[in-house]
Each structure stands twice: as C-alpha cells, then as structure tokens.
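Structure below; questions to follow.
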Amino acid sequence: MAVRGSIVLLLLGIFCYLPSSSRCQGTNTNETQAIQWLAEYNELAMKAYFESTVASWSYQTDITDQNEQAMIDANVKVAAFAKEARTNASLFDMTNFSYDTKRQLSKLKTIGDAAIEDQDKLEELNNVLAGMESRYSKGKVCPEDGECLSLEPGLTRIMSKSRNYAELNWAWQGWREAVGPSAKEDYKRYVELKNIASVANGYANNGDYWKSWYEVDDFTDQLENLYQELSPLYDNLHAYVRRKLYDIYGSDYISLKGPIPAHILGNMWSQSWLNILDLVLPYKDASSIDVTPVLVREGYDARRMFNVSDEFFGSLGLKKMTPEFWAESMIEKPDDREVVCHASAWDFSNQIDFRIKQCTDITMDDFITIHHEMGHIEYYLQYKDLPVVYRGGANPGFHEAVGDTLALSVSTPKHLKAVGLLDEVQDDYEADINFLMSMALDKIAFLPFGYLMDKWRWAVFDGTITPENFNAEWWKLRTQYQGIVPPTPRTEANFDPAAKYHIPSDTPYIRYFVSHILQFQFHKAMCEAAGHTGDLLKCDVYNSQEAGKLLGDMLKMGESKEWPEALEKITGNRTMTAQPLLDYFQPLISWLEEQNSGEQLGWAEAWTPNEPPVWPSSAISAHQTSVWASVVLASLVIFFKP
Ligand code: KAF
Ligand code: ZN
C-alpha cells in the first residue's frame, strides 16, 4: 500500500516538476488517483495519530516534564504530517469529483494549529498549552491547617455539600486564586497564536474557525433563537431557586430582585445546580431521587458504576466496551502522581484502542458523567471503520449528546429503581415535579453557561474583548446570562475564565449548548422508536433494540455527511429545535410559573452581596477572641479607673 501511494505521488511530482509548489495545485483531475491517494493517506494517518495520542495519554495520566516534552515533540511531528497531507490533497482539481472524494479532500485542507508556518511559533503554542493544562490540573487550595485540596475530589465535594456561605466562598475564591492569575500571560499569547493558525487556515480569527465546524452560515443566529426560546424557562427556575436560597442565607447575601452569588449553587462554576436539590425540592415528603447515598451505602466503586453504564448500552444492542478499554482506561484518580483529572474519552485511531480517563467519585454526578464519556466511546466504536477524516461527530454537539441522551432514560426514577439505585419510587404528580426539578437543575441551569463560555471566547478571538478587560467582560456575561455575581468584587488581577477547564485546555464549549438541545431531540426520536407513549419525562428506552438501531445507524455516519443529514436520519427533521426539551419540561414549566406568581423574574437590580465572614472558623475565633479580649480589657480599665 505504501509503495503504491508513493508511486501516485511520484507521478504527480514528475508531472508538475515541483511537487509541492503552487504550480502543481489543483492540476490533477483524475478521481481514481485521488481515491487511491486517500486510501494511502488513511493508513499513514492511523499510524501518525496513534503515535501522538499515545504521547498525550502518557502525559495526561502522568504529568512530568519528560512526558510533556515527548508530547510536544509528537505534536510537532504530527503537525508536519498534516501539512504534507494538505499539500498533497491540494494537488487535485476536485471540480468534477464525487461528493465523497471532494468532502474527504476538503477536510484535509484545514489543519488546525498545524497551519502555523513558523516552527518556533508552533512549538511555542504547544508549550503554552501544556503549561496552562498542567497548572490547572495541579492546582491546589491549602487550608491553614490540614491537607491541600485539589479540584477533584476535594473542592468539588465542598462546593456540592457545604451549606456554609463562608466555607463555600473559601473554596470558590481559593480555586480561582490557585489557577486564574498564573494563566493570564499564557492565555494572551495563546490567543495570538491560535489566531495566527486560523488565519493560515483561511479564517478571520480562531472563533470563526471553531464556528466553521458547524457548516452552516447562520449558526450563531440559530443559537440565539434557541436561547431566546429557552430563557423564560431559565428565568423561572432562577427566580424560584433564588427565593429558596433567600430563605436559607437571608437578605445579607441574597436580593430577591438581583443576581445570585455564584458560590452557593452547588457547583464551582454554577453550571449545574443539581447538588442543591435538597434545598429547593418542591415536595419534601415524596421519595428521594438522589442515588448518591445508595451508591455509597451499597459499596459501589468506579468499576461497578462503569459496568452499569456499559450494560445499558448493551441492552440497546449497541456496542459494549472492549477488553482493551477495560484494561487500559484510567477510571480512578491515582494517588502517586499528578494527572489531568477532567474526564475525557480517547480514540487512538488504530481501531482497537479506546479509553476513558476519569477521576471517578462515588456520586450521582459522576454516574451521569460515566454515561456521557461512554457515549463518546460508543460513537468511536460505531464509526471506527470509516476513513480517519470522517471519524468525528456529525458536529461536535452530536458527540457530546450521545451519552447524555441515554442518561435521560437512565435517570428516570423507574429505571433507577429497576437497577437497584433507588429504594422506593412514587408514581404521582408530586414525584414527577420533584424529578423534573432535579433534571432542570442540571439541564436548564446549564444553558446560559453553555452559551456564554464561547460568547466570551469568540469576542476574545475577534479582538472585541482585550486583555485589559478579560475578567470584567467575563463577569458581564456571567451576570447577563446566568444571573449570578461573584461573592466579592473582582478585578483584572483575577482571571476567572481560566478556572474552568475548557479555557486553559483549548476546548471549545458551544458544543455542550448544542448537545443540550440535541439530546432531547434524540431522546424523543428513540422513545418513539421504542414504542413509548405518554409523557416524554417518563420514557426509558432500556432494552429497546429499535431505539438502539436508530441511534447506532446515525452514529455510523460519523462526519461523512453534513449534520442536518445525520439529524434527519435519527429524528426525521433537519433543524435543531428546542421543542422536545420544552415538551419534556412542560409540567415543571407550569408549576414554576404558578410558584413564581408575585415574584419578580430576572435580576435587573444592580446589587452586590455583603462580604462573607472569614473562613475557617479558627480564623473567626481568633478574630472573635481578640474582640472579646479588648472588651474585657476595656471593662477592667473602666472598673479600676481611680
Ligand atoms: C456536559 C454534560 C453535562 C454537563 C456538563 C457538560 C459540559 C462539560 C463540563 O463542563 O464538565 N463536560 C465535559 O467537559 C465532559 C468532558 C468531555 O467528555 O466533554 C471531554 C472534554 C475534553 C477533554 C479533553 C480534550 C477535549 C475535550 N470531551 C471528550 O472527551 C471528547 C470530545 C469530543 C470527541 C470525543 C471525546
Ligand atoms: Zn464530552
């Protein structure tokens, strides 16, 4: 195979005299040769991407200087490979080629960071990226006494479990102090270098390049329309939760007309509010829907949680995880080395090796994340026989939606009871509202965050937001869209965007917003295929081969067609629509509207919460002791005054 491919290239070279010069570009009209060259490219690409993925895996599961350098070297090497492939793909005149040959060749002409001409700059970008990722992953917050805490599991547990305003503030601010300011200089350079790469790929800036992956001109208009359609639902959830938090934390910290302090919503970024379900549960007497206590009580470990998820995929007739997957994945946080804990799913491009890396904690949150990650692996397994250029989601949002779609079935109380993760379940209106509230705290609360992350980055890349106002503009968006405020004032000495993994790790985020729309469209379609009737919120596609086939057939397409085609294949519809999501939540929407009568929706009031007390309490008692000492001293002075 390698020899034949080389002959084709050699012939092209002789024909053009100078194989990679612009004189040769677009001169070969022979589609058979193009197809042959693509097959050759595919074999080489599998090997090249395997090598660089191995290096990245080694680094992310064992952050050392040596592994970092090996990864950078491998990235530079694979960039040279991508560049050469682009040059060779450009030799063809595709005008009369079939849709498929054209699509494959076109994909090879856009090469991401590899487009940076200057080798030093390419290496510099890789260095900047590795530095940002490792500083984020190694970030720790140290209490005055006791062990330092990393994000997973230490700080995450505090954010989800603590109801102490000051302690939450300690973890929230501590994390931002630990990983924010030190990322700023690198991030400035990162923006410059990413823009250089994107311009070299033919885009105005890196934001435009990221948007181009969605292959539709009006992508941002579509998003804005979806957002507008959903914001009334968010506003209602926000007002309801704000009232409950007001009842708990009081008027020092909550205004009923203003934004909510960002640190009391159960999550480091206020992106999911599921962890404060107990504070806002509509009907206290209905049966519990939190599986965390059961997971702990029943002695679940990471492997057993992964098995439950794998079994669900299998029940649909979808592909199960492979022996290599179980042998090589990292599903627990090692205690003998630094790793990148943020969950991810890996395709080593060799059609055999697929892995998950996750620092699993025994919680409901992580149980759902396992399904999310396995959804990525399922996609990989379904499209593994396509050419490498087509091994990706129909768009990035599709990739993010697969596992979440199945998790919509898994999360239903009836399903959780059936697999022994809930003790008892009620089946009445109150139980439905409690359940929908838990889903809304996860899915609806997420929407504005999912939208604003890349709104901020698009503006950074196009120069509308500059380093002088990185943090101020970040908080403008956080307040405008999420209706939250920082617990204490922020300045440009802070760099809070860097406290969210996807910013220092160069991972686009709009995919998750798209996914939150798509997963309800997929869920509805699969429920219909499974013969489900009645409320969408009750649907569980467990064991349905029909639902599995519907999904699997779409996944098998990879990115060989534009996404509207993939969407049509599974839903019969070519457009993103919020309707299935709105249908799913309809009972809760009506309930919230009723609860909020007399409540002022929105957060128009310019308001900031009072300063939290000092934490930990030892510091408070030290402070209080000195206050008491002064009082006693003053009394003595008065008493003994002659
Ligand atoms: C998703 C679902 C529910 C709630 C919230 C989210 C958003 C988001 C978050 O903020 O936590 N979720 C994740 O980041 C899950 C990790 C991942 O699976 O999306 C992971 C992120 C990642 C990590 C390293 C490099 C690139 C991306 N994505 C993948 O592993 C992945 C992405 C595309 C294809 C295949 C795998
Ligand atoms: Zn994901």
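The values are calculated or read from the model by the stated rules, or taken from the named source; none is laboratory data. Predicted, not measured: the structure shown is a model, and the values here were computed from it. Virtual Cβ from ideal backbone geometry, glycine too; neighbours counted across all protein chains shown. Only protein heavy atoms, including side chains, enter the accessible area calculation; ligands, DNA and RNA are left aside. Shrake-Rupley method; radii C 1.70, N 1.55, O 1.52, S 1.80 Å.
Among residues belonging to the range 332-373 that are among the basic types (Lys, Arg) and in contact with a Phe, Trp or Tyr (Cβ under 9 Å, 6 or more places away or on another chain), point out the one that is least open to solvent (accessible area, probe 1.4 Å).
Here the answer is 357.
If you don't mind, another one. Which residue is farthest from residue 518 (Cα to Cα), if the candidates are limited to the range 536-552 and must be part of a helix (DSSP H, G or I) and open to solvent by 40 Å² or more (accessible area, probe 1.4 Å)?
By that ranking, first place goes to 545.
Taking the residues in the range 205-224 that are of a type in the set (D, E, K, R) and part of a helix (DSSP H, G or I) as candidates, determine which candidate is surrounded by the most Cβ atoms within 10 Å (Cβ to Cβ).
211
Looking for something open to solvent by 10 Å² or more (accessible area, probe 1.4 Å), under 30 Å from residue 463 (Cα atoms) and out of contact with any Lys or Arg (no Cβ under 9 Å at 6 or more places or on another chain) - is there at least one such residue anywhere in the range 158-173?
Yes: the range 158-173 contains one or more residues that are open to solvent by 10 Å² or more (accessible area, probe 1.4 Å), under 30 Å from residue 463 (Cα atoms) and out of contact with any Lys or Arg (no Cβ under 9 Å at 6 or more places or on another chain).
Let me ask something additional. Please indicate, with yes or no, whether at least one residue in the range 418-429 is open to solvent by less than 40 Å² (accessible area, probe 1.4 Å) and in a helix (DSSP H, G or I).
no
So, in the range 371-391, of the ones that are assigned to a helix (DSSP H, G or I) and more than 16 Å from residue 322 (Cβ to Cβ), which residue ends up nearest to ligand 1 (Cβ to nearest atom)?
Top of the filtered list is 372.
Looking at 414, 476, which is the one that is of a type in the set (D, E, K, R) and in contact (Cβ under 8 Å) with a residue 24 or more places away in the chain?
After applying the criteria, what remains is 414.
Take the range 392-405 and flag every residue that is within 11 Å of ligand 2 (Cβ to nearest atom) and either modelled with pLDDT under 95 or not in a helix (DSSP H, G or I) (or both).
393
Which condition number in (1) buried (at least 19 other Cβ atoms within 10 Å of the Cβ); (2) free of Cβ contacts under 8 Å to residues at least 24 places away in the same chain is the one that residue 297 fails?
So the condition that residue 297 fails would be (1).
Another one. Take the residues in the range 519-535 that are aliphatic (A, V, I, L, M) and more than 21 Å from residue 419 (Cβ to Cβ), then tell me which one is most open to solvent (accessible area, probe 1.4 Å).
Filtering the range 519-535 for residues that are aliphatic (A, V, I, L, M) and more than 21 Å from residue 419 (Cβ to Cβ), the one most open to solvent (accessible area, probe 1.4 Å) comes out as 529.
Check residue 408 against each of (1) within 16 Å of ligand 2 (Cβ to nearest atom); (2) among the aliphatic types (A, V, I, L, M); (3) touching a Gly at 6+ places or on another chain (Cβ under 9 Å) and name the one condition it does not meet.
(3) is the only condition that residue 408 fails.
If only one of 528, 473, 492 is assigned to a helix (DSSP H, G or I), charged (D, E, K, R) and over 27 Å from residue 439 (Cα atoms), which one is it?
473
Residues 143, 181: which one is open to solvent by 40 Å² or more (accessible area, probe 1.4 Å) and out of contact with any helix residue (DSSP H, G or I) (no Cβ under 6 Å at 6 or more places or on another chain)?
Sole residue among the options that is open to solvent by 40 Å² or more (accessible area, probe 1.4 Å) and out of contact with any helix residue (DSSP H, G or I) (no Cβ under 6 Å at 6 or more places or on another chain): 181.
Still on this structure: I want to confirm something. Restricting to the range 335-359 and keeping residues that are assigned to a strand (DSSP E or B) and of a type outside the set (Lys, Arg), which single residue is nearest to the chain's Cα centre (by Cα)?
Per the criteria, the residue is 344.
For residue 555, only one of the following conditions fails: (1) within 16 Å of ligand 2 (Cβ to nearest atom); (2) open to solvent by 10 Å² or more (accessible area, probe 1.4 Å); (3) of a type outside the set (Asp, Glu). What is its number?
(2)
With respect to residue 190, determine if the residue is open to solvent by less than 20 Å² (accessible area, probe 1.4 Å) and either more than 29 Å from residue 394 (Cβ to Cβ) or charged (D, E, K, R) (or both).
Here the answer is no, as residue 190 does not meet what is asked.
For the range 515-531, enumerate the residues that are of a type in the set (Phe, Trp, Tyr) and either farther than 21 Å from residue 226 by Cβ or away from ligand 2 (no atom under 16 Å from the Cβ) (or both).
Correct list: 520 only.
Cβ-Cβ below 7 Å, separation at least six or inter-chain, first residue in the range 217-232 and among the aromatic types (Phe, Trp, Tyr), second surrounded by 16 or more Cβ atoms within 10 Å (Cβ to Cβ): which pairs?
Pairs that qualify, where the first residue is among the aromatic types (Phe, Trp, Tyr) and the partner is surrounded by 16 or more Cβ atoms within 10 Å (Cβ to Cβ), are 219/211; 227/451.
Can I ask one more? If you scan the range 49-73, which residues turn out to be touching a residue at least 60 places away in the same chain (Cβ under 8 Å) and among the hydrophobic types (A, V, I, L, M, F, W, C)?
Across the range 49-73, the qualifying residues are 50, 54, 57, 63.
Scan the range 413-457 for residues that are within 28 Å of the chain's Cα centre (by Cα) and basic (Lys, Arg) and jot them down.
Those that are within 28 Å of the chain's Cα centre (by Cα) and basic (Lys, Arg): 414, 443, 455, 457.
In the range 392-412, which residues are near ligand 1 (Cβ under 7 Å from one of its atoms) and within 13 Å of the chain's Cα centre (by Cα)?
Within the range 392-412, 396, 399, 400, 404 qualify.
Looking only at residues that are assigned to a helix (DSSP H, G or I) and among the hydroxyl-bearing types (Ser, Thr, Tyr) in the range 495-518, which one is most open to solvent (accessible area, probe 1.4 Å)?
512
Out of the residues in the range 272-298 meeting the condition of being assigned to a helix (DSSP H, G or I) and aliphatic (A, V, I, L, M), tell me which one is nearest to residue 441 (Cα to Cα).
Filtering first and then ranking leaves 274.
Working only within the range 331-366, note down all residues that are away from ligand 2 (no atom under 16 Å from the Cβ), among the hydrophobic types (A, V, I, L, M, F, W, C) and at pLDDT 95 or above.
339, 348, 352, 362
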